[in-house]
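Reviewing the structure listed below.
Rule-based calculations on the coordinates, nothing more; no lab input. These numbers come from a predicted model, not from an experiment. Every residue, glycine among them, receives a Cβ derived from its backbone with ideal geometry; neighbour counts consider all protein chains shown.
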Amino acid sequence: MKNIITLLVSILFAVGPTKNMLVWETDDLLGSDGAVRTVMIYMVGSDLESQYAQATMDLQEMIESGADLSRINVVIAAGGTTGWASLGLVNGQVSVFRLTKEGNHREPLDRVTVRNMGTSDTLSWFLRLAASACPADKYDLILWNHGGGPLFGYGHDSSTDDVLQMEEITSALAQAGYGAGNKLEMIVYDACLMGSIEVAALMASYADYMVASEEAVSGSGLDYHFLGDSAIYTGDTEKIIQNICMSFEKSMGRYKDVDYTMSGLRLSRAPRVWQSMNDLFLGDGNAVSTGDYPMIAACIHKSCAFSRFFSGGEYDLFDLGDFANQARTILPNSASNLRGEIEQMMVCSVSNMEGASGVSFYFPMYAPEYASLYLNNICSLMKSQGLAQVYPAFLQACLNGQTDGTHSFPLPTVQGTVTPGAPTYSAVLSPEQHASFVRGLYYILTPYGDDPEAYRLVERCDDVNLSSDGILMVSREKKFHYFRLDPSMPWKELTLYGEGMQNGTQRYLMMLEVMHMPFDRPDEWRSGSMRLQLEVSRDNPAGTLKWLIPEAGNGMASRELFQLEKGDIIFSVQPVLRKTYDQNGTLLSFHEWPKWNPNGSQGVEGTFSEMGFETSWRAGEANRDYYIQLVMMDAAGNALASDLLLMR
C-alpha cells in the first residue's frame, strides 16, 4: 500500500505595497483620551518575518480588524529580525508605533537603533513608553514570536541571537511597575508552548488573565480580528478571551489535522493549581517517596504530551489535567482536587488533541538532561515568589539518584517465540529493574558498510508493552517505510522517530535537510534542517504525510508549516553509529553510541517532483539483516539496553 501527497501551501511570502500597507505618518496625535484599553504588542520578528513575512501579515490583520482606535490604543514594538517585508520598518532597529484612527496609518512613538529585544531592559522600556504615551483604564500585553515553554522562554531576536528567559520577563514586568495593585489585565502569548502552570503561576503576580497554548502555535498564530470585537470596548475580559480562543480555533481550520490548543486562564487561581499539584506529591495521607517515582512517571507517560509531533520530546511538557485523571488510580483524593482546581482556573479552552485540558506542566521524561535547568532556574524563580516547592524537591531527590540504582544491572534478553501475526521480541527485567521502570522503547538497526561495528538507524519507537511479571515486549513485522520522489527513483528506506500515539494513530518524524528556492526569489537558495510528519494507522500502514516543519533553534519550538516545491533538493538524514559497550562489557543503548563518521551525515538525496512524496510499507531488503534493541528508562534517567535481537 502506498500514499502519494503534495504538501499543502501554508506560507505566504512578502508582497508588494498595497493601499493598506504600513507607512510612517508623522502627525502629532497621542493616545486617545479616555481609552478603555491599551493593547501593547511586543513583536519580535525573527525568522518568522525575515523568511515568512508572518509579522507583516499579522500587522495587516490588526489594521483590517476594524478596531475603533478612538476607544482603544494599539501600540506595537517591532524589531528583532534581520529583514522586514513591511514598508517603513528598518532592519537593526526597534520601532514603536501606535495604529491611528484612519486604520491604515501609524504614529511613531520612538525608533531605537540596535536595541536587543531579547533583554528585560527592552521589554520594560517598551511597557513604560506605551503606558505613558497611551494611558487607558486597562492594559494588555501580547508577546508575539517563538516560544520554548518555561525551560527555554520566549522571543528569539535573530539580529542578536538572544531570547527572553522567564526570569527576564518577570523582571521586565516588575521594572515597568506591574505587580500587586497595578496588574496587567491580560497577558497573551502568541507563541508556542507557553501555556504551562509554571508560566501561569509566575505571571499571576503581574496580570489577572493569561492566554497561551500548551502546543506549538502553527501557521499564522492568533487571529487579530478580535481587536474589532465589541467585547474589547466593554471591559469584559473573559468575553474577550473567549473570542480570542474561538477565533483561533476557527483560523486553524485552514491547516488540516494540525494539533492545536489555546486557553484562557484566571491567574488568581494559578498559584492554587500549583499548590494543588504540589499537594499531590504529598500523597493521600502518606508522603510520595522516590520509590513511587515509576508509578508517577507511568501516569505522566500516558498523559497528553506536547510538541513531540513538531519538535520531538525535548520540551517534556504534559497536560496537567490529563495527568490528574491518570493519577486518580493511585492518588484519588489529591488528583481529584487538582482536576477541580484546574477547572476553576479555566476561562476557555479549545483543542483538537485527545487529553488536552488547557494547561501543561514540566516533567523530565524524554530529555532529563534539562531537569537541572528547570530546578535551578524555573523552580528557584518560583520559590522567590513564595510558590510551593514539594514537587521540585521530589524531582531533585529522584534525580540525585535516590532510587534503587538499577543502572548497575545489565538488561538480560531472551528471543521471544513466533506468535500468530508479528513475531514478538522480549527482554526480561530483573525485580529491581521492574520496580524502577518508567518507559520503554525499541530501535531497529541494520549493518552499514564494511565496518562490522557500524549500524544505521531504521526506526525508533516507544510502542512497547511491559507485562505484570516484568517482561518488556514488542511485536513487530520485518517491514519498514520507504519513500521515493518520482517513479524513476528506486525506493529508499526511511529513518523514522516515533513520537507517540494520538487519536489512534502512531506518529513519526523524519529528519530532512532541504535546499529550497523561494518562488519569489529565484536566485536565492535556502537550506535548513526540517522535520516531516508521518501518521500511521492499522488501516493505512504506509502512512499519511502531514507537515514539514523547519527547526527554529535556540530552544524555540517552530511555528512555521512549510511546503515542498518542485525542484527542492531533499536529503533524508540517517544516523550511523558504532556499536559500543561500557567498561563492564554491557552493551549501551543505541542513542549512547558514538557517530560512525563525526565529520558528516549519512542519508539519501533526491529532488522533489510534481508527483510529490510517495511512501510505501514493505518488507526489508532480502540481503540485509535487521536487529531490534529493547531499551528501558529507569527512575534515575538511565537507559538499560538489551542485546541486538535478529529480526525474523
Under 16 Å by backbone N from the virtual spin label 7 Å along Cα-to-Cβ at residue 238, the residues of the stretch 184-215 are 186, 208-211
For the stretch 223-292 versus the stretch 333-377, the gap between their alpha-carbon centres in whole angstrom: 11
In whole angstrom, note down how far apart the Cα centers of the stretch 165-222 and the stretch 76-147 are. 17
Might you report the magnitude of the Cβ-based charge dipole of the stretch 581-648 about its Cα centre, with Lys and Arg at +1 and Asp and Glu at -1, to the nearest 20 debye? 120
At a Förster distance of 25 Å, what's the computed FRET efficiency of residue 625 paired with residue 501, Cβ-Cβ distance as r, to 0.05? 0.30
Of the listed values (1) 1.06; (2) 0.99; (3) 0.95, grab the one calculated as Rg/Rh (Cα atoms, Kirkwood Rh) from the structure here. (2)
Can you tell me how much longer the chain between residue 430 and residue 268 gets when fully stretched, taken as 0.36 nm per residue apart minus their C-alpha distance, in nm with one decimal? 53.6 nm
Length-normalised contact order of the chain, Cα under 8 Å, at least 6 apart, in percent, tallies to 13
Can you tell me the length gained on complete extension of the stretch residue 175 to residue 367, counting 0.36 nm per residue apart and subtracting the Cα distance? 65.7 nm
Provide the gained length on full extension for the span residue 329 to residue 486, in nm with one decimal, where the gain is 0.36 nm per separating residue minus the Cα-Cα distance. 51.4 nm
Once the dipole of the chain is set up from charges on Cβ (+1 Lys and Arg, -1 Asp and Glu), the residue from the list 358, 454, 196 lying farthest towards its positive end is 454
List the aspartates and glutamates whose alpha-carbon lies under 13 Å from that of residue 492, not counting same-chain residues fewer than 8 positions away? 605, 614, 621
Would you please put 614-620, 210-216 in order of how densely packed they are, using the mean number of other Cβ atoms within 10 angstrom per residue and starting with the highest? 210-216, 614-620
Listed pairs 138/250; 302/479; 101/138; 479/579; 566/595 exceeding 25 Å between Cα atoms: 138/250; 302/479; 566/595
What aspartates and glutamates sit close enough to residue 239 to cross-link, taking a C-alpha to C-alpha distance under 12 Å and skipping anything fewer than 8 places away on the same chain? 229
Which of the peptides 320-327, 475-482 is most tightly packed, and how do the rest follow, judged by the mean count of other Cβ atoms within 10 Å per residue? 320-327, 475-482
What spacing in nm lies between the two simple spin-label points modelled at residue 336 and residue 581, each 7 Å away from Cα in the Cβ direction? 5.5
Could you tell me which residue out of 368, 626, 164 lies farthest along the dipole of the chain toward its positive end? Charges go on the beta carbon: Lys and Arg +1, Asp and Glu -1, centred on the Cα centre. 626
R0 = 30 Å: FRET efficiency of residue 91 with residue 551, Cβ-based, nearest 0.05? 0.85
Can you order the peptides 621-629, 109-117, 452-460 by their average number of other Cβ atoms within 10 Å per residue, highest first? 452-460, 109-117, 621-629
Normalised by the number of residues in the stretch 246-344, what is the relative contact order in percent for Cα pairs under 8 Å and 6+ residues apart? 27
